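The values are calculated or read from the model by the stated rules, or taken from the named source; none is laboratory data. The model shown is predicted, which means the values in this text are computed figures rather than measured ones. So basically every Cβ, Gly included, is an ideal-geometry build from the backbone, and we count neighbours across all protein chains shown. Surface accessibility is based on the protein's heavy atoms, side chains included, excluding ligands, DNA and RNA. Shrake-Rupley method; radii C 1.70, N 1.55, O 1.52, S 1.80 Å.
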Number of protein chains: 2
Amino acid sequence: MLYVVGHKNPDTDSICSAIVLAHFLNGVPAKLGNINPETEYVLKKFGVMEPETIKSAKGKEIILVDHSEKSQTIDDLEEGKLIGIIDHHKIGISTSEPILYISKSLGSTASIIAELCFKNIMDYIGGENKELKPDLAGLLLSAIISDTILFKSPTTTELDKILAEKLCKIANINNLEEFGMEILKAKSSVGNMAPEEIVSIDYKDFEFNSHKIGIGQVEVIDVKEVEKKKDDILKILNEKLEKEGYELLLFLITDIMKEGSEVLVVGDKETFEKIYGVKLENDTVFLEGVMSRKKQVVPPLEQYYSK
Amino acid sequence: MLYVVGHKNPDTDSICSAIVLAHFLNGVPAKLGNINPETEYVLKKFGVMEPETIKSAKGKEIILVDHSEKSQTIDDLEEGKLIGIIDHHKIGISTSEPILYISKSLGSTASIIAELCFKNIMDYIGGENKELKPDLAGLLLSAIISDTILFKSPTTTELDKILAEKLCKIANINNLEEFGMEILKAKSSVGNMAPEEIVSIDYKDFEFNSHKIGIGQVEVIDVKEVEKKKDDILKILNEKLEKEGYELLLFLITDIMKEGSEVLVVGDKETFEKIYGVKLENDTVFLEGVMSRKKQVVPPLEQYYSK
């Protein structure tokens, strides 16, 4: 049986891409952990069921969506058969055999899937060319909005915007801007969350040349909601660093309105300062214009550690 | 300027894929070394110019075809801008930023390009949807025949055969089988070559978890032509092993008619015997049915060394 699986700590793109792609590939959508409040809001809005959680790849054919890094995928991936990867991140895996790999530098994995739909070339990746129903169009639209932070992220491309407009029509969304703000508000509803939850909501592990780095991110409209919990978050990060043997742990509090991120840094702070050319104050620094982990935070780290 | 570049020690797939893809992407086809006699035959037959040789990626936008491994690509790749990869081998690169990556498990990179042409979706990878002219169809056809050893290699898929039939019509080739044998004969014309040339004709470097491995291959209709030079080839391999610090060097003499390969092994022979479950005699062993380096020789090595 074919499973379409997003990354650990699933976000809206990871869950929605898995659901829609599984539909066209006649497979089963799956997730590797609990969904976040934003994704819950989106699934409820379009009346689509949560994918099942899987713990093992054993005996399964697997297509990964929205990630390729081993550190972000199912633990025993090698027990299953990796068929393909559909992703919009950097290439982060090496395989022992040829597989299907479709990667484009677009704002979301959902954009890649939407493009395959609109071009009517799902058969190009082994799927079926069938109609995109309103509910699934709504999921793809939500994922694009979520991943591009309503087109504010520097990862946004012209194509993302064109695809979103088309998806709006199919999903019967009359006002893209208004709907986008709804999603962002759901994304940002962290006021009542415990600091542990805030840290883990969109957290990813990386391994750069055997250096273990962790990067969490929360995107908020009202930064104050998170800032008052900063000390607690730093404490959690420091505990995590020690217990799990990280070299560096970053947490990005991304201000959607100001279009920048406050970065909380624990671990090898000197290296962080060197890589980004900044000075930390009380373990934090505000990076103007930085909204994308993928495009603005990961590349300098990867380049530094690969030397 | 955009350059479309195949791997070091270019084979027919690498050269023809670069030429045809560059045409559709309005870029420049390039190569990283001298072409082999088979490719020379093919280019002459269809009246197409040899691509220029480039030595550096500096200041260039680069699309790699038919490879992804750093050990097989242009030395200073990081000096240029890697835009994308179109390939049919295992995933062998990690990048610091998202790129275009189109990989399918087909018999040749030319098959991937032919499929994009016939589906009229060159725009999907940023190219122009234009007509495939007979000369370029001939190049793609030749590359498919060469890489699949006229559909005898286990890498061959049904799609490769369907694409080849379509390409035949456009290229005005009346008899696919006959034309295929012409190509294989050109591929096999190693009788007059020096042993050094035979070793380097289709030679690839790999790095598995920091283990340096080299694998050369020659595909012949008449094995005797190469077998009489076996001792010389073993001597060259042993010299190369010592001088360039390999852990293991393999050379495959693939018998197109018998559909199997005699493997010459120097370096860590014990590991080789363990991985493939065979016993060497005079540093060689015949592997029944083994014709594909990519699909049959590399995966067990990669799996062994990645542990």
Using the heavy atoms of the protein chains alone and a 1.4 angstrom probe, what is the accessible area of region B:222-307 per residue in square angstrom? 50
Mean Cβ-within-10 Å packing, highest first, puts peptides A:110-120, A:255-265 in the order A:110-120, A:255-265
Around A:E262: net Lys/Arg minus Asp/Glu count, Cβ-Cβ under 9 Å: -1
What does the C-alpha gyration tensor say about the overall shape of the protein assembly as shown? Classify as rounded when a/c is under 1.5, otherwise prolate if a/b is larger than b/c, or oblate. prolate
For region B:1-115, what relative contact order do you get, as a whole percent, if you take Cα pairs closer than 8 Å and at least 6 residues apart? 26
Per the charge dipole of chain B (beta-carbon charges, Lys/Arg positive, Asp/Glu negative, Cα centre), the residue among B:L248, B:C168, B:V220 reaching farthest to the positive end is B:C168
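Carbon and sulfur atoms: what percent of the 1.4 Å accessible area of region B:44-110 do they account for?
Accessible surface attributable to carbon and sulfur in region B:44-110 totals 48 percent.
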Here the convex hull volume per residue of chain A, taken over Cα atoms and given in Å³, is 126
Using a ≥ b ≥ c from the Cα gyration tensor of region A:220-276 (square roots of the eigenvalues), is it rounded, prolate or oblate, where a/c under 1.5 gives rounded and otherwise the larger of a/b and b/c decides, a/b for prolate? oblate
Output the peptides A:223-231, B:272-280, B:147-155 sorted from most to least packed, where packing is the average of other Cβ atoms within 10 Å over each peptide's residues. B:147-155, A:223-231, B:272-280
Simple Cβ-charge dipole of the protein assembly as shown, Lys/Arg +1 and Asp/Glu -1, about Cα centre, in debye nearest 20: 640
Using alpha carbon centroids, what distance separates region A:177-196 and region B:141-180, in Å? 55
Tally Lys/Arg at +1 and Asp/Glu at -1 over every other residue whose Cβ is under 15 Å from the Cβ of A:A114; what's the total? -3
When a/c is below 1.5 the answer is rounded, else prolate if a/b is larger than b/c, else oblate, so apply that to region B:144-193 with a ≥ b ≥ c taken from the square roots of the Cα gyration tensor eigenvalues. oblate
If you build a Gaussian network model of chain A, linking Cα atoms that sit under 10 Å apart, which residue out of A:A22, A:A194, A:A164 swings the most? A:A194
GluC sites (Glu not before Pro) lying in DSSP loop within region A:131-213, provided at most 12 other Cβ fall within 10 Å: A:E131
Of every hundred units of 1.4 Å-probe accessible area on region B:121-212, the number belonging to carbon and sulfur atoms, as a percent, is 46
Run the numbers for A:I221 and A:N120: contour at 0.36 nm per residue of separation, minus the present Cα-Cα distance, in nm. 32.7 nm
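Around B:L2, with a cut-off of 14 angstrom between Cβ atoms, what is the net charge of the other residues, counting Lys and Arg +1 and Asp and Glu -1?
-1
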If A:K45, A:K295 are ordered by their accessible area, calculated over protein heavy atoms with a 1.4 Å probe, which sequence runs from highest to lowest? A:K45, A:K295
Value of relative contact order over region B:129-270, rounded to a whole percent, pairs C-alpha under 8 Å and six or more apart: 18
For region A:176-261, with only Lys/Arg (+1) and Asp/Glu (-1) charged at the beta-carbon, what is the dipole magnitude about the Cα centre, in debye rounded to 20? 200
Quick one: how many Å² of B:T271 are accessible to a 1.4 Å probe, rounded to 10? 20
Largest-first ordering by accessible area, 1.4 Å probe, given options B:D202, B:D160: B:D202, B:D160
So for chain A, averaging the separation of alpha carbon pairs under 8 Å that are six or more residues apart and normalising by length, what relative contact order in percent results? 14
Expressed in angstrom and rounded, the centroid-to-centroid distance over alpha carbons for region B:1-55 and region A:1-24 is 39
Please go through the residue pairs A:K212/A:K274; B:K70/B:K90; A:K44/A:K133; B:K44/B:K230 and name each one whose alpha carbons sit more than 20 Å apart in this structure. B:K44/B:K230
Residue mean of other protein chain beta carbons inside 10 Å, A:289-298: 1
Among B:I113, B:P134, B:S96, the residue whose Cα sits farthest towards the positive end of the charge dipole of region B:44-136, when +1 is placed on the Cβ of each Lys and Arg and -1 on the Cβ of each Asp and Glu, is B:P134
Compute, for B:M1, the solvent-accessible surface of its heavy atoms (probe 1.4 Å) with the complete set of protein chains present, and express it in square angstrom to the nearest 10. 140
